[in-house]
Amino acid sequence: MIEPVGPGVGRIALRTPTLPPATHTNTWILGHDALTVVDPASPWPDEQARLIAALRARARDGVRVERLFLTHHHDDHVGGVVALADALAEDGPRPVIAAHRITAERVPFTVDVEVAPGPCDWGGITWHALFTPGHAPGHLVLHDRASGQMIAGDMVAGVGTILIDPADGDLGQYLASLELMRRAGPTALMPAHGPVLTNADALLSMYIAHRHARTEQVRAALDRAGAADPAEIAAIVYPELPPAGQRIAAIQVRSILAYLRGHGLAHPVGGGQWAADA
Ligand SMILES: [Zn+2]
């Protein structure tokens, strides 16, 4: 069942191979008669079948899916794209697949429409696409200025935390993208994982402040330790986490170290270790 959550926005949460403690990815259903399906994410046939059945139930009222939109390329966001497009093509015109160019370069299927930042008139609603790299290089969020709703992808989370993996993330870009979102003035954030988040301005400000605080903690840990590797720093900065959490925290720490290096505040000293700049 598609749960209505706001004007022209519905949700169905599908079980996905995502980062614990999250277990599901929200698929957002946008529009009234001509739908945009955001992040059909599950690679698992039983979960895909739930989404297809929910959309086919809507189709009986003359509603059709025009496009599938991807916030970014990560596996827990795109695992059901081809299955959904194939299933809908059995009933009528195949929906187009839309994403940022950088996302299109990173997914194992063809993206039909490249979405650039700016207004998108989809299904009677004007969504403003904001380019928000940092968690993923091609990340887009969608903002409906009329209702204040923002489809936030993996920029914020209702459950768990946002991982900035230096393999394809960038902490400096992430902070700038959060600020871009905050300045757009949304009232409700629809994250990929967990419930809708209200009080958007305060939440985005808190996210930015939290990342700056973590960055300062890493710098202070380097100052005290003299030299340390990311796992050692994670143990100092995130002492409350169990071993699996510590391993993910060490990835986060590597992003913070790259950010500190970019600001002339830390540098690698060999053997995987880092030191604070004088
Ligand atoms: Zn992601």
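Within the listed set PHE131, PHE109, PHE69, the residue fluctuating most in the Gaussian network model of the chain (springs between alpha-carbon atoms under 10 angstrom) is PHE109. Sorting the segments 252-258, 208-214 by their mean number of nearby beta carbons within 10 angstrom, highest to lowest, gives 252-258, 208-214. Positive-end ranking of ALA167, PRO239, HIS100 along the dipole of the chain, with charges on Cβ about the Cα centre, is headed by PRO239. To the nearest 0.05, how large is the calculated FRET efficiency for THR110 and ASP46 if R₀ is 25 Å and r is the Cβ-Cβ distance? Rounded to the nearest 0.05, the efficiency is 0.45.
Using per-residue counts of other Cβ atoms within 10 Å, averaged over each peptide, order 186-192, 158-164, 59-65 from highest down. Kindly include the intermediate steps, with their values, before the conclusion.
Numbers: 186-192: 23.3, 158-164: 17.9, 59-65: 14.0.
Highest mean packing first, the order is 186-192, 158-164, 59-65.
For the pair HIS212 and ALA278, what calculated FRET efficiency results from E = 1/(1 + (r/R0)^6), where r is the Cβ-Cβ distance and R0 = 22 Å, to the nearest 0.05? Present the calculation step by step, with values, prior to reporting the outcome.
Details: r = 22 Å, r/R0 = 0.98.
The computed FRET efficiency comes out at 0.50.
If you average over every viewing direction, what projected area does the convex hull of the Cα atoms of the chain give, in nm²? Result: 14.7 nm². Pick from MET206, MET150, MET181 the residue whose mean-square fluctuation is largest in a GNM of the chain, springs joining Cα atoms under 10 Å. Of the options given, MET206 has the highest mean-square fluctuation.
Result for the chain in a Gaussian network model with C-alpha springs under 10 Å: among GLY92, GLY134, GLY124, the largest mean-square fluctuation is at GLY92. Mean sequence separation of contacting Cα pairs (under 8 Å, at least six apart), scaled by the length of the chain, corresponds to a relative contact order of 12 percent. Find the centroid of the Cα atoms in the stretch 217-250 and in the stretch 82-130, then give the distance between the two in whole Å. After rounding, the separation between the Cα centres reads 40 Å. Placing +1 on each Lys and Arg Cβ and -1 on each Asp and Glu Cβ, with no other charges, gives the chain a dipole about its Cα centre of roughly 300 debye.
Bridges between two residues of the chain, per DSSP, are antiparallel at a rate of about 70%.
Tell me what the chain gives for mean residue ellipticity at 222 nm when only DSSP H runs of n ≥ 4 count, each as -39,500 (n - 2.57), the sum divided by the residue total, rounded to 500 deg cm²/dmol. Walk me through the intermediate numbers first.
Values: 8 runs with 100 residues, N = 278.
Taken over the chain, the calculation gives -11500 deg cm²/dmol.
Report the net charge of residues surrounding TYR238, where surrounding means a beta-carbon distance below 11 angstrom and charges are Lys +1, Arg +1, Asp -1, Glu -1. If you can, show how the numbers build up before the last one.
Details: positive: ARG214, ARG247; negative: GLU240.
Computed value for this residue: +1.
Farthest toward the positive end of the dipole of the stretch 3-198, out of TRP28, HIS73, LEU88, is the Cα of TRP28, where the dipole comes from beta carbon charges about the Cα centre.
Values quoted throughout were computed directly from the atomic coordinates according to the rules given, and no laboratory measurement underlies them. All values reported here derive from a predicted model rather than from experimental measurement. Note that we place each Cβ from the backbone using ideal geometry, even for glycine, and neighbour counts take in every protein chain shown.
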